[in-house]
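The values are calculated or read from the model by the stated rules, or taken from the named source; none is laboratory data. Values in this document were obtained by computation on a predicted structure and should not be read as measured data. Virtual Cβ from ideal backbone geometry, glycine too; neighbours counted across all protein chains shown.
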């Protein structure tokens, strides 16, 4: 795609341009292409790496989209803006996100005689890279509707969905405020980490002075398949993860469990979803010293094949009722697969979309590693909260994990071309 | 490759097995394959992703090897072991590294009746993944030869190469001890981050009680090509990086600048190299607000094409002597490309092999991002130190970077099959 075909970046608000440009030089011909214009990053869509997903549509991409390999997730606070500025920010983010998911830059890099004396609109590190399956998914946190002091900053308090609860405290939670919550979130997924990082960086930049980065997380090695064509990958416990995930092809399940229907507590969320993120630190040194027997007991599946301990192969249904010769259940009472199973949680299903993370090591020389768990659902009360309540109490895995970050966001429906993400909230 | 073809893991020392197994269960039949043996990760070498590089050879892989896309680098200290135990550790690491670079696990995952009551030898997260171009490169830090108190812990003080200097303090250094130095290092590079992480994790585990992780760094988006077939990639300044790098095909340059010849200060290093790592934090928010003109002045190249400001296209040689109509040099006196140029540094050339990093964000909401610079050379005194001395004083880029980590390692020649990495040091 050439710059001429591209969605307009001239549509960016003056504040968006200011974010790109920096104060003091914003007047200097930004957006005027000169004879030395630099082509934006292009993606032909002709190869796998160049896959591109539409930004506009009924649902946001990045939910049932085939899970990409890499993640950069960012949470923002918007302490100092008003309703009009919030809308303007979402418009700017929409324009830039639509460009970037097509493999373009957030804006042109610059041109002599035009923007040469202004900062480039795009930071450039993805200039030569294809779209790489980039999806950018936006969400609204509870504090956007009503802040911690009960202030209705944006006139949105009456539009908070009842599904967008403040998550309860779960047994064993060791949450770090600096890695939790946020007014807004952006989930950027791509098959190339540089493309995901580029997206978050440029969206942060556009938001300069409006939204401040609260926390962010890089991930790799998707731990869930979201389509049948994807092979199941492994988490850092070394076990296959996401075998029984909701898949995009299961349209009935997707319809019932993932997307919010019209006529829910808030009609503006029709076609949207609710995202819960949990940063789960694994004490992998302890895990690595547990016997294979103990590891398989904890999970309830074999390590190699990923088959349920009740028998069969990876995709054989888990049978929670089989017993060993001794009479004890084949799948332990406290096994993760049992406690997370829909049969154990009134049918609750989640679309999982988590990633492994390694954030270097701690002062004791232990890898700071684990799972950045992300799930999408229609109603967190009967889905994530139900499942996590089961797990938090008695999951055998609790000995090896610690939840250190937590956040919930309402993910609005997709934007229409010419509109902006979250538009229905302000209608 | 099947487990039967694999290099022996039974060769691991008792302490290596103890590291894998954890105290208390080491006697329980580890290594005895039973009827439920789980195949190790296999790599067929038939696809690009499944590329595999030999571990054994005259030189260690991971130096002139075509730079892979992802990095996990780890530095270790060995405060509590003696010479014999150090050799044993290197033997264990050699065996496990040779296995993993072939796409196998560090050891079998386990088997019923065999090792089922012991921890799996391999942690499992790379079980289904091909070799993914994994290279594992080991190095010895100055403190291995003589610790900070001047102790010759391993009887190696007399074998310290004069090239393995303590790096001098450079102007502007803001080094964090916890991200610097180390007795030993392992550079794991792969096209799949999960494979690189798996390698460091399992080597750490094998070293349990012998080598303690001091610091580690993940990287993505290789910032240097090391072969002519590789396209030049971009760093987080958005500029192409490594255009003028030493390439594997330049055998004369490689011979003169990268590998240590025989007959140097220490014959045991013949065929080895010296690795300097610098963690360079970029103040990207400041950079992103600099004009395109300023950015190009700082680098000395155009942002889009990567051509020298003296003219031409990316691979046109830099001409440091051209002047603009005003009479001032086309390439600024303080431009990075000028100060790093061999003509400015008595011909000094480096084989660069750095990676971009993003370690989340700091408390001020700024991305903690930059370049994890790695270079290989024959003599750091006349190469890295010469170039960095030029840069530290007057590089226009210094306004936008801060060196926060630093380390130097002697990278011994490659191991022979049946031997171990670093064997010549102990001969």
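Can you pull out every residue in region A:284-311 that is on the phi < 0 side of the Ramachandran plot and more than 13 Å from chain B (Cβ to nearest Cβ)?
A:308, A:310
Out of all the residues in region B:373-384, is one or more without any contact (Cβ under 8 Å) to a residue 40 or more places away in the chain and over 19 Å from residue B:170 (Cα atoms)? Checking region B:373-384: not a single residue is without any contact (Cβ under 8 Å) to a residue 40 or more places away in the chain and over 19 Å from residue B:170 (Cα atoms). Looking only at residues of region A:121-176 that are touching a helix residue (DSSP H, G or I) at 6+ places or on another chain (Cβ under 7 Å) and within 14 Å of chain B (Cβ to nearest Cβ), we find that the one that is farthest from residue B:237 (Cα to Cα) is A:132. For region A:159-180, the criterion of being free of Cβ contacts under 8 Å to residues at least 40 places away in the same chain and buried (at least 23 other Cβ atoms within 10 Å of the Cβ) is met by none of the residues. Among the residues in region A:165-184, are any at pLDDT 95 or above, assigned to a strand (DSSP E or B) and at negative phi? Yes - at least one qualifying residue is present in region A:165-184. Confirm whether residue A:118 is within 30 Å of residue B:293 (Cα to Cα), away from chain B (no Cβ under 13 Å) and surrounded by 23 or more Cβ atoms within 10 Å (Cβ to Cβ). Against the criterion (within 30 Å of residue B:293 (Cα to Cα), away from chain B (no Cβ under 13 Å) and surrounded by 23 or more Cβ atoms within 10 Å (Cβ to Cβ)), residue A:118 does not qualify.
Considering (1) modelled with pLDDT under 95; (2) surrounded by fewer than 24 Cβ atoms within 10 Å (Cβ to Cβ); (3) at negative phi, the lone condition that residue B:113 does not fulfil carries the number (3). Here residue A:105 clears all of (1) in a loop (DSSP other than H, G, I, E, B); (2) surrounded by fewer than 24 Cβ atoms within 10 Å (Cβ to Cβ) except the condition numbered (2).
Return the residues of region A:365-396 that are at pLDDT below 95, in contact with a strand residue (DSSP E or B) (Cβ under 8 Å, 6 or more places away or on another chain) and either more than 27 Å from residue A:294 (Cβ to Cβ) or surrounded by fewer than 24 Cβ atoms within 10 Å (Cβ to Cβ) (or both); say none if nothing qualifies. A:365, A:366, A:368, listed by residue number.
Yes/no matrix, rows are residues, columns are (1) surrounded by 18 or more Cβ atoms within 10 Å (Cβ to Cβ); (2) more than 20 Å from the chain's Cα centre (by Cα); (3) more than 11 Å from every other protein chain (Cβ to nearest Cβ); (4) part of a loop (DSSP other than H, G, I, E, B):
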site	(1), (2), (3), (4)
A:230	no, no, yes, yes
A:245	yes, no, yes, yes
A:256	no, yes, yes, no
A:260	yes, no, yes, yes
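Scanning region A:227-256 for residues that are touching a strand residue (DSSP E or B) at 6+ places or on another chain (Cβ under 7 Å) and in contact (Cβ under 8 Å) with a residue 24 or more places away in the chain yields A:232, A:235, A:236, A:237, A:239, A:240, A:241, A:242, A:245, A:246. Being touching a helix residue (DSSP H, G or I) at 6+ places or on another chain (Cβ under 8 Å) and either closer than 30 Å to residue A:88 by Cβ or modelled with pLDDT of 95 or more (or both): is that true of residue A:346 here? Taking the combined requirement at face value, the residue does not satisfy it. Assess whether residue B:414 counts as being within 17 Å of the chain's Cα centre (by Cα), touching a residue at least 40 places away in the same chain (Cβ under 8 Å), surrounded by fewer than 22 Cβ atoms within 10 Å (Cβ to Cβ) and closer than 26 Å to residue B:160 by Cα. Taking the combined requirement at face value, the residue satisfies it. Within region B:397-412, is even one residue within 14 Å of another protein chain (Cβ to nearest Cβ), modelled with pLDDT of 95 or more and closer than 30 Å to residue B:93 by Cβ? The answer is yes; a qualifying residue exists. Being within 14 Å of another protein chain (Cβ to nearest Cβ), buried (at least 24 other Cβ atoms within 10 Å of the Cβ), within 19 Å of the chain's Cα centre (by Cα) and touching a residue at least 40 places away in the same chain (Cβ under 8 Å) is the requirement here; does residue B:222 meet it? Yes, satisfied. Quick one: would you say residue A:84 is more than 14 Å from chain B (Cβ to nearest Cβ), surrounded by fewer than 23 Cβ atoms within 10 Å (Cβ to Cβ) and farther than 27 Å from residue A:277 by Cα? It is true that residue A:84 is more than 14 Å from chain B (Cβ to nearest Cβ), surrounded by fewer than 23 Cβ atoms within 10 Å (Cβ to Cβ) and farther than 27 Å from residue A:277 by Cα. Return yes or no: is residue A:316 within 14 Å of chain B (Cβ to nearest Cβ), surrounded by fewer than 21 Cβ atoms within 10 Å (Cβ to Cβ) and either in contact with a strand residue (DSSP E or B) (Cβ under 7 Å, 6 or more places away or on another chain) or in contact (Cβ under 8 Å) with a residue 60 or more places away in the chain (or both)? For residue A:316, the condition - within 14 Å of chain B (Cβ to nearest Cβ), surrounded by fewer than 21 Cβ atoms within 10 Å (Cβ to Cβ) and either in contact with a strand residue (DSSP E or B) (Cβ under 7 Å, 6 or more places away or on another chain) or in contact (Cβ under 8 Å) with a residue 60 or more places away in the chain (or both) - is not met.
Scanning region A:204-217 for residues that are assigned to a helix (DSSP H, G or I) and either surrounded by fewer than 24 Cβ atoms within 10 Å (Cβ to Cβ) or touching a helix residue (DSSP H, G or I) at 6+ places or on another chain (Cβ under 6 Å) (or both) yields A:205, A:206. Would it be correct to say that residue B:276 is assigned to a loop (DSSP other than H, G, I, E, B), farther than 17 Å from residue B:237 by Cβ, touching a strand residue (DSSP E or B) at 6+ places or on another chain (Cβ under 7 Å) and away from every other protein chain (no Cβ under 11 Å)? Judged against the criteria, residue B:276 is not a match.
Return yes when residue B:338 is within 14 Å of another protein chain (Cβ to nearest Cβ), touching a residue at least 12 places away in the same chain (Cβ under 8 Å), touching a strand residue (DSSP E or B) at 6+ places or on another chain (Cβ under 9 Å) and under 19 Å from residue B:395 (Cα atoms) and no when it is not.
Details: within 14 Å of another protein chain (Cβ to nearest Cβ): no; touching a residue at least 12 places away in the same chain (Cβ under 8 Å): yes; touching a strand residue (DSSP E or B) at 6+ places or on another chain (Cβ under 9 Å): yes; under 19 Å from residue B:395 (Cα atoms): yes.
So residue B:338 does not fit the description; no.
So is residue A:201 on the phi < 0 side of the Ramachandran plot, over 15 Å from the mean Cα position of the chain (by Cα) and surrounded by fewer than 24 Cβ atoms within 10 Å (Cβ to Cβ) or not? It is false that residue A:201 is on the phi < 0 side of the Ramachandran plot, over 15 Å from the mean Cα position of the chain (by Cα) and surrounded by fewer than 24 Cβ atoms within 10 Å (Cβ to Cβ).
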